[in-house]
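Bear in mind that the values in this text are calculations on the coordinates, not laboratory data. Just so it is clear, the structure is predicted and the values come from calculations on it, not from any experiment. Cβ sites come from the backbone with ideal geometry, for glycine too, and all protein chains shown count toward neighbours.
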Amino acid sequence: MALTIYGAARTRTSRVLWMAEELGLGYRHEKLVPQKGETRTPAFLALNPMGRVPAIDDDGLIVWESLAINLYLARKYGAAGSAGRPALGPRDLGEEALMTQWTLWTATEFEPGTHDVVVQTINLPEDQRDAAKRDLALAALARPLGALNVALGLGGGHLVGGRFTVADLNAACAAFYLRAVPEALAAYPEVAGWYAATTARPAFQRMLALRQAG
Ligand SMILES: N[C@@H](CCC(=O)N[C@@H](CS)C(=O)NCC(=O)O)C(=O)O
């Protein structure tokens, strides 16, 4: 197996690094930094014409879009019983449907709002942050956070199959954008407990160390 992960750890590449760490995969890490123009070179654009990271090359298969990459890695390397790895991927078609459902929900219903929050609390320079935009985004998150809270309550603290899977990992990546506003989860105890447990995982902590190392 030869897996290359493209993208600096402080980008959405962190999601893929977290998945690779969970699965115990060996990988080469090409730490391309968008701000240095490293994602707009002809060589990288040939891999991802969007010029964005993350992207992976897995034995010649090129995949981009962080959440799609994680679904692929979970299915390929985290199917139940594969090489003793944790079953982060689907065990059957029903689980696959639910993992896809939660991942598309993350991309379309959850992450747009949490991303607005991180932009207005961390990404923008302090003098350009807009508290009104942050509060609007937080208010709009009531619906997805409420739904997540119900689902986690019903699922015993997980989204699919009663165990930690790619569905939890992908959704938690979007929840990570709320880290500067921890009170955002206060009204959602199931989400708060799930987020605390998820981010305490050793693989998440290894990913954080990669982010800090730059
Ligand atoms: N939907 C994409 C978004 C990827 C994305 O926006 N990546 C940023 C870094 S977090 C990037 O490469 N930005 C550089 C650019 O847009 O030129 C995904 O989830 O992979």
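Spin-label pair residue 65-residue 186: with each label point 7 Å from Cα along the Cα-Cβ axis, the two points sit 3.7 nm from one another.
Compute the signed sum of charges (Lys and Arg +1, Asp and Glu -1) over the other residues within less than 14 Å, Cβ to Cβ, of residue 117.
Working: positive: 129, 133, 134, 179; negative: 111, 116, 130, 135, 183.
That works out to -1.
Annotation for the stretch 130-191 versus the stretch 1-29: alpha-carbon center distance of 24 Å. Taking Cα centre as origin and charging only the Cβ of basic (Lys, Arg, +1) and acidic (Asp, Glu, -1) residues, the dipole magnitude of the stretch 93-202 rounds to 160 debye.
In square nanometres, what is the average projected area of the Cα convex hull of the stretch 1-97? Let's see the in-between values first.
Working: hull surface 24.5 nm².
Computed as one quarter of the Cα hull surface, the answer is 6.1 nm².
Less than 12 Å Cβ to Cβ from residue 129, Lys/Arg counted +1 and Asp/Glu -1: what total charge do the surrounding residues give? Kindly include the intermediate steps, with their values, before the conclusion.
On the way: positive: 133, 134; negative: 116, 126, 127, 130, 135.
Result for the local shell: -3.
What do the square roots of 5 times the Cα gyration tensor eigenvalues come to for the stretch 93-202, in whole Å, largest first, as semi-axes of the equivalent ellipsoid?
Equivalent ellipsoid semi-axes, largest first: 25, 14, 12 Å.
Computed extension length for residue 213-residue 139: 23.2 nm, one decimal, from 0.36 nm per residue of separation with the Cα-Cα distance subtracted. For the pair residue 206 and residue 130, label points projected 7 Å from Cα toward Cβ lie 4.1 nm apart. Cross-link partners of residue 133 among aspartates and glutamates, defined as those whose alpha carbon lies under 18 angstrom from its own and excluding same-chain residues fewer than eight positions apart: 109, 111, 116, 183.
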